[in-house]
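Read-outs throughout are calculated quantities, based only on the coordinates presented, and are distinct from any laboratory measurement. This one's a predicted model, so the numbers in the text were calculated from it and none came from an experiment. Virtual Cβ from ideal backbone geometry, glycine too; neighbours counted across all protein chains shown.
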Amino acid sequence: MSRGVSRRPLLRMSLALLAGSALVTPLALTAPAPAAAATAPYTVTALQVTVRAGGRNCTLDTDVYRPAGAVAARPAPAVLTTNGFGGDKADGPTDALAKAFASRGYVALAYSGLGFGRTGCPISLDDPRIDGRAASGLIDLLAGARTADNGTRIDYVAKDGPGDPRVGMIGGSYGGAVQLATAAVDHRVDALVPLITWHDLSYSLAPNNAGRTPGDGGPLPGAYKWQWTSGFFLIGEAQGLLHPNLDPSRAGGAGCLHFVAQACETKRLLDSGRYPAGRTRTVLAYARSVSPVSYLASVKAPTLLVQGQDDSLFNLNEAAAGYRTLAAQGTPVKMIWQAWGHSGGMRKPARGELDLAQGNLDTSYAGRRILAWFDRYLHHRTATATGPAFAYYRDWVTGGSAYATSPVFPAGAGRRLYLSGDGTLVGHRGEVVRGSREYRNLPTATSHSESSLAGLLGLPDVAPYDARGTYLDWTSRPVSGRPVEVVGAPRVALKVSSPRAERVQNSPDAADKLVLFVKLYDIAPDGRKTLVHRLVAPARVPDVTRRFTVELPGIVHRFEPGHRLRLVLAASDDAYAGNRGIKPVTVSSAPEDTGVLELPVTQGVLR
């Protein structure tokens, strides 16, 4: 059992103590709200709207922002927004977005998602059959097809037909996935802007990067991302501390206070560290059923995906998978990789970056793209340019625009490096030196990538490390000439030997299979090491007797001249649950048979 598992009770207590402050604003988006303008060009009306969702009556707590001049004779398009996990309609980002769009002449409707704030019903993980249907009821309200609980009817939203309001959606994290869930069950949605959200929760919570088809979490659970998952679970269960007089409809199931039964059972399975085949298939099927991976085929609304590079919760691969799926089925889609995500979320967004809690749409690259997106699809101004297919933030740019763009995704071309037996990465197969090296895992975790919630909550974190003897590494030659820029998800094809893992890998419990962790470091000329965005790729190897491929999280990173790239294969990581039992691993290299690292390079040459 990894050190992460043995430390869980202590860290869970710490997370519980921190939950109170995290609950004030959604975990995904924590900056403070701006001061209200002295004379806002809109009015705000609080409305309760009861809808039927998931077999229950759920009362939604909403604020409707009506811009000056919006009347039945001069209707305006609408923007619907809701909170990240742990927030509500009044938190900084949700409120600021509603004000920003209302100030620009849109009818804005901000609401607290199911299970949060003063909205009823338990937390159901943005299930399209529940959360999606609930949001669809709010679209009925914007259409004038239903009234609020006090009898208020809205008649000042532009329509494309009877009962069909012109409406877009925007929000981050938990408030991002609900957009796709809503558009899947209600085709009246005209435009979406999901920020830093997930594609497949089974991958997000227990990522397995081995042998997966892009966009698919794979047939096996990976390494349980216990720090992130436990933090969110505690925040969900602690809702009663902030709202002691909760609506009885908020009661959860299967032993949880505020989560639906299937979500509670998913958490219980992950905590158990045991993955028996039948039960695991059922739980994975549930996690995917509430994820876009299962219902994107029904999403037709034009979608602008915005994902964060600094995000170990929902990494760039999640947005890339959604982009590929939507593009393949002909749904209008574009994608932006911005700097900030869930990791380090307390930091002020970088220069030129969108700050949702400040509503700086006009002065940020992503903000201007969002305004253009809604202008095109909500105002029907077909001449409005919505930008390139793909854009990405470059943290090494100090002057001019920090964003680069590409008419296609992916933007980088594959460049191969080979794993040599002497611990080097070489540019040609013929340079590979024959040799074998071994590492061993220990009963406790011996590698550290991050303390997942530390950056988000403003806490210090130690530098990444790997203990001697529990990892293998391969290092490239120094970059010469132009810098090497990597944009996308690196992949490494591996063949390992682990007799102990082989003996138990056909166990009916998938937890017996070998787990390893792959990551990339940038090594400076003075030896300083940087784990790129503190990202790591856990992999539960399906069959140690066969070659397998690990897809690492996507990155945007420049390796400067004189710097070297280091690939690390580690036995553990204390942010994840690890191997059951001791399973030594040997990696052998020969010119005719060795591991291959493939990097999506947009500039420069690796030798």
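Its convex hull of Cα atoms gives the range 413-603 a direction-averaged projected area, equal to a quarter of the hull surface, of 11.3 nm². Roughly what % antiparallel, to the nearest 5, for the DSSP beta bridges in the chain? So the antiparallel bridges in the chain amount to around 70 percent. Based on alpha-carbon atoms, the Kirkwood radius and the radius of gyration of the range 354-471 give Rg/Rh equal to 1.15. Where (1) 24.3; (2) 30.4; (3) 26.4 are the candidate values, the label of the one calculated here for mean projected area of the Cα convex hull in nm² is (3). Taking 0.36 nm per residue of separation and subtracting the current Cα-Cα distance, fully stretching the chain between Glu438 and Trp396 would add 11.5 nm. Listed by chain and number, the aspartates and glutamates placed with their C-alpha closer than 18 angstrom to that of Lys99 are Asp61, Asp63, Asp88, Asp91, Asp355, Asp362, Asp375; residues fewer than eight positions away on the same chain are left out. Sequence-distant contacts, meaning Cα pairs under 8 Å at least 6 residues apart, place the relative contact order of the range 73-221 at 23 percent. Taking all Cα pairs closer than 8 Å and separated by 6 or more residues, the relative contact order of the chain comes to 16 percent.
Each of Met169, Met335 was scored by other Cβ atoms within 10 Å of its Cβ. Listed from fewest to most, they are Met335, Met169. Note: relative contact order over the range 413-603, using C-alpha pairs below 8 Å and six or more positions apart, is 39 percent.
What list do you get for Leu220, Leu60 if you sort them by fewest beta carbons within 10 Å? Walk me through the numbers on the way to the answer.
Values: Leu220 22, Leu60 29.
Exposure proxy ranking, most exposed first: Leu220, Leu60.
Of the listed pairs Lys159/Lys348; Lys300/Lys513; Lys267/Lys519, which have alpha-carbon separations greater than 28 Å here?
Cα-Cα > 28 Å for Lys159/Lys348; Lys300/Lys513; rest within.
Listed from fewest to most Cβ neighbours within 10 Å, the set Leu284, Leu257, Leu195 follows the order Leu257, Leu284, Leu195.
Principal axis extents of the Cα atoms in the range 139-246, from largest to smallest and rounded to whole angstrom, are 51, 41, 19.
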